[in-house]
Amino acid sequence: MTLILGIDTSCDDTGVGIAELHPDGHVTVRANRVWSQTVHASYGGVMPELASREHVERIDAVMQDALKEADVTVHDLGAVAATSGPGLVGALLVGLMYGKGLAQGLDLPFHATHHLEGHIFAAASDADLQPPYLALVVSGGHTHLFDVPKEGQYDLVGATRDDAAGEAFDKVARLAGLGYPGGPAISEAARHGDPKAVPFKVPLAGQKGYEFSFSGLKTAALLAHRAGAKPEDLAASFQAVAVKSLVQTTTRAARDLGRRTVVVSGGVAANTALREAFQQTELRVVFPGKGLNTDNGAMIALAGAAAIRAGRLAHGLDDGATAYAPLASG
């Protein structure tokens, strides 16, 4: 077996995880430790410079916690993987350079890993899933729909035209005074609201493609708030339409492309309403395991394990941090 240490510092979570690649190709998570930064709450969004500083201060302790959870030492590791992009460059550099230094010091292979591929394997590896399938990555910074015909190949079939879904949740929660981060705040408030109280329209309802858009929905929420909509009704109505948009577009793409399985990952994949809506479809829908929805190091370790299993060369020492890094084009 091979133990892979994974590091993710792409935004405001310091994540270190350890995955075990077994000789038969099966992968299990041995450890997953995340330090979620709280310093950004008063700003209503992530402050890049503060995020970078917090990563510097926390990463060594988080790694030690992960090693302790897995009951191993650094000398038991067989490879190191770290996110190289996309993300906040300053934040990415902390984990990327930490991982490179660790790999060089221990003379281990190093895999520079794509953040979105990590999110996909957060679900796919846990379910021992085999392509082909669709993968919807939906988070604070990303809303992307990929067709995965085989492992390691990602064909982009749809993405957001403007705001990511999680970003829209954050902004609507902020204007309604519900707190930050917006995903959990909207979900909790929606439990006490009427999802039909505000007549939002489903974005891009008549499109032929598989794109998403949340900017107009966010503006409609602002207007409803100014018109006196109750925060809980606003939350419930917004969540219902956002979920409907994500589910309808994804299921239509699955039907058109002949896919029966969909992986749904990223922070928004933790939303209960989204999960329930997908489970009511005829698709096989696979979500990440506990603790693997939001940014974390275990998902990067899982992606690293997949790279090793596929025989990809470990050439990541030459890779730098990048804010914009397409996983695929279509």
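The values are calculated or read from the model by the stated rules, or taken from the named source; none is laboratory data. From a predicted model like this one, the values you see are computed outputs, not experimental measurements. We place every Cβ from the backbone using ideal geometry, glycine too, and count neighbours over all the protein chains shown.
Give me the pairs: first residue in region 271-300 and farther than 28 Å from PRO86 by Cα and touching a residue at least 40 places away in the same chain (Cβ under 8 Å), second residue among the acidic types (Asp, Glu) and crowded, with 22+ Cβ neighbours inside 10 Å, beta-carbon distance under 7 Å, and six or more apart or on different chains, which are they?
none
Would you say ALA298 is closer than 24 Å to VAL34 by Cβ, part of a helix (DSSP H, G or I) and outside the structural domain of ARG174 (by TED's automatic domain parsing)?
Answer is yes for this residue.
Would you point out the residue of region 42-54, among those that are at pLDDT 80 or above and not acidic (Asp, Glu), that is nearest to the chain's Cα centre (by Cα)?
VAL46
Can you pull out the residues in region 198-233 that are over 27 Å from ARG252 (Cα atoms) and either within 27 Å of the chain's Cα centre (by Cα) or in contact (Cβ under 8 Å) with a residue 24 or more places away in the chain (or both)?
First, pick out the residues of region 198-233 that are over 27 Å from ARG252 (Cα atoms): 222-233.
The answer is LEU222, ALA224, HIS225, ALA229, LYS230, PRO231, GLU232, ASP233.
Mind checking which residues of region 132-181 are of a type in the set (Asp, Glu) and either in contact with a Phe, Trp or Tyr (Cβ under 7 Å, 6 or more places away or on another chain) or closer than 19 Å to MET47 by Cα (or both)?
If the condition is that a residue be of a type in the set (Asp, Glu) and either in contact with a Phe, Trp or Tyr (Cβ under 7 Å, 6 or more places away or on another chain) or closer than 19 Å to MET47 by Cα (or both), then ASP155, ASP162, ASP163, GLU167, ASP170 are the ones that fit.
When residues of region 41-53 are filtered for being in a helix (DSSP H, G or I) and either farther than 9 Å from ALA91 by Cβ or without any contact (Cβ under 8 Å) to a residue 40 or more places away in the chain (or both), how many remain?
Going through region 41-53 one residue at a time, the tally reaches 6.
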